1. If you compute semi-axes √(5λ) of the Cα gyration tensor in Å for the structure shown, which of [x] 27, 13, 6; [y] 37, 11, 5; [z] 24, 14, 6 do you land on?
2. Could you list which residues have their amide H under 5 Å from that of ASN40, counting only those 5 or more apart in sequence or on another chain, with H placed in the peptide plane?
3. I'd like the carbon and sulfur percentage of the solvent accessible area for the chain, probe radius 1.4 Å, heavy atoms only, ligands and nucleic acids excluded.
4. Per residue, how much accessible area does the chain show when a 1.4 Å probe rolls over the protein heavy atoms, in square angstrom?
5. Spelling out what I want: for every residue of the stretch 33-38, take phi, set θ = phi - 60°, compute 6.51 cos²θ - 1.76 cosθ + 1.60 (Karplus), and round to whole Hz; glycine and proline get x.
Amino acid sequence: MLRRFAFPMTAVFLIWYLGYVIIAAYQPEFMSIRLGGEVNIALVMGAASSRPRF
């Protein structure tokens, strides 16, 4: 039962994190789009990628 959940979720989180790193490296103008005040897309994606670790 655990394998049916753990392996797919591990893949999802790895893809999300690698996507974040690749976008940050190759699309800095996209990551710098402000969503409000000092909050930009990079900050939101970074916070979202660290959330599943806890």
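1. Recomputing semi-axes √(5λ) of the Cα gyration tensor in Å here picks out [x].
2. For ASN40, whose amide H was placed from the backbone, the distant partners under 5 Å are LEU35.
3. Taking all protein chains in place, the chain shows 71 percent carbon and sulfur surface.
4. Ligands and nucleic acids excluded, the result is 85 Å² per residue.
5. 5, 7, 9, x, x, 8
The values are calculated or read from the model by the stated rules, or taken from the named source; none is laboratory data. Not measured: the values here are computed from a predicted model. All accessible areas refer to the heavy atoms of the entire protein, side chains included, with ligands and DNA or RNA removed. Shrake-Rupley method; radii C 1.70, N 1.55, O 1.52, S 1.80 Å.
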